[in-house]
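Everything on this sheet refers to the single structure shown next.
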Amino acid sequence: MTDFERYVAEYSRELTRFCIKLCGDVHDAEDLFQDTWARALDKFDQYDQSSSFKSWLFTICANLFRNSKKLKYNSSKAVFSSKEEKEKFLNSIPDQETDVDAYLDLHAAILSLPKKHRLVLVLYYFREFSQSEIARMLDIPEGTVKSRLNTAKKLLKRRLYDEETQ
Amino acid sequence: MKKLSDERLEQMLSAYCEADPQQTFTFHPEETRKKLIAFIGFNRAAAAAVSLVLVSVLSLTVYFLFGNNNSTPFVVAPSPQSVTTPSTPTGESDSDPNHPVPEPTQLKSLWQNIVDFLFPRPTENNSTANNRTSPTETDRMSTVTPSATEAARPKPTQKTGEKATEKPYVQPTEHQPIRPTEKSPDPTVPIDPPSDDPTEGSSHSGAPGPTDPPGEGDEPWLIPPTEGGLMPGAPTEIEIFAQVDSDRMEGVTGVYCKVYSGDSLIGSSDLYDSSHTVYILDSSSQYTEVYYVTPYGLIRQSGFYTFVFYDQNGSELTRVKEYVY
């Protein structure tokens, strides 16, 4: 098994999770997943072995998502494109989250965020990257990361508050 | 009515992002490579075709603009100060000083050259021979567009590239209005609410924008750098924060935003198009903060833009004028 194949085996699960949280739609997420690994394979000779492969891989994924044309990786307007997808989503809800409706509302609210805010939010709450790492990955100032996180949370609170009052 | 607390939101977000999606995708390098090769192949062919077309158009444009120096119909449009005829033995001009040739715009002479090439007039002299005319002929011909019959050729001292320095549109002079009046709405003509004209209703705020918007047909890339020019990098989304007096937000169920460049609405004219949707952030007793993201690629050049915020009835809530870099 080559080094690259080892990395694919090790990080595919996490990358899948990341892509699904970013895109919402499973088909878009899989496209992003494939494109990320293809790009990583293409640029593998440029990867600096002394740095974290995970960070490098997720940087590729984040920038592909960010730089793609608006509709690519975000083509679905529906929260779930099929019943199967919804069932899988419901099965993935952690046990401690007893309020399923609130969880579904959060999912819809996150998908309604502007792309750049969604990206920063998911990267941060993925619990793998600090704000300074996110700033480095996206090549933006750390202040911008904080500002987008703050705005994203405000938007979510507002959206979820509106959902509750309906 | 309970608001979501920060702690609760943090908890939900962590749970959401850490949740296992119950599936793992598999990387298929062969399928991706096939798609990539087809994509690259298509792209290369498309790029080659586009390059060919561009080079052809550019060549034709240069040809018709500057012309073949040996063929008299294709001439640089003469300036009013230097109307000449070609190759008189003494180098003197036969042009009539009482009928100065008007200076055409660059576009007009290019078009005229194309028309002349395609539909040559019988009276045109295509040879390089002496084109001296009698005074009466000169009088008659001076009323015709110069490139058609005027056998004017650039003086040896004139640079052939002089034409290129002419501005593509007429600069506003002291006799011209700063804002073209034809763009102002006619109050006698009924307009559908909400009005698309940002000058109605609330007054403008902020510093004055560009003195004269480019005329119709002017491409953005012809705008000189003093009026904005191209933004570096790819077009992107612009974020706008605005504050609305909270007393104006009573009864408001939706906020929308339209973007104006000068007096011109850019983007969709349908107020309720999803690209106009505005996010409501915070509310206090004094003001409500709203947040708008322009559709991807809507703003492609730097300059002043007006963002007008409306409610679901089309009533204006506030407006923001900003310089976008």
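Nothing in this text is a laboratory measurement; each read-out follows from the coordinates by a stated rule. Computed from a predicted model, the values in this text were never measured in an experiment. A quick note on method: Cβ atoms are made from the backbone with ideal geometry, for glycine too, and the neighbour counts reach across all protein chains shown.
Some notes on this structure:
- Every helix of 4 or more DSSP H residues in chain A counts as -39500 (n - 2.57), and over all residues that averages to -23000 deg cm²/dmol at 222 nm.
- Shape of segment A:89-148, Cα gyration tensor, a/c cut at 1.5: prolate
- Computed FRET value (nearest 0.05) for B:Asp282 with B:Ala49, which takes r as the C-beta separation and R₀ as 60 Å: 0.70
- Angle in degrees between helix A:3-23 and the longest Cα principal axis of chain A, rounded to the nearest 10: 20
- Exceeding the 27 Å Cα-Cα cut-off - candidates A:Lys54/A:Lys116; A:Lys86/A:Lys146; A:Lys116/B:Lys258; A:Lys88/A:Lys115; A:Lys43/A:Lys154: A:Lys86/A:Lys146; A:Lys43/A:Lys154
- Where Rh is the Kirkwood radius over Cα pairs, Rg/Rh for segment A:36-150: 1.00
- Helix A:142-165 and the longest principal axis of the Cα set of chain A meet at an angle near 30°.
- Degrees, to the nearest 10: A:53-67 long Cα axis against longest axis of chain A: 60
- From least to most packed, judged by other beta carbons within 10 angstrom and beginning with the fewest, A:Glu133, A:Glu142 follow the order A:Glu142, A:Glu133.
- Rounded to the nearest 0.05, the FRET efficiency derived from the C-beta distance between A:Tyr47 and A:Gln131 at R0 = 22 Å is 0.40.
- Charge context of B:Asp245, other residues only, Cβ under 14 angstrom, K/R +1, D/E -1: -4
- Residue-wise HN-Hα coupling along segment B:14-22, computed from phi with Karplus coefficients 6.51, -1.76, 1.60 (Hz; x: Gly, Pro): 4, 4, 5, 6, 8, 4, 6, x, 6
- Of A:Ala38, A:Ala62, A:Ala29, the residue with the greatest mean-square motion in the GNM of chain A, using alpha carbon springs below 10 Å, is A:Ala38.
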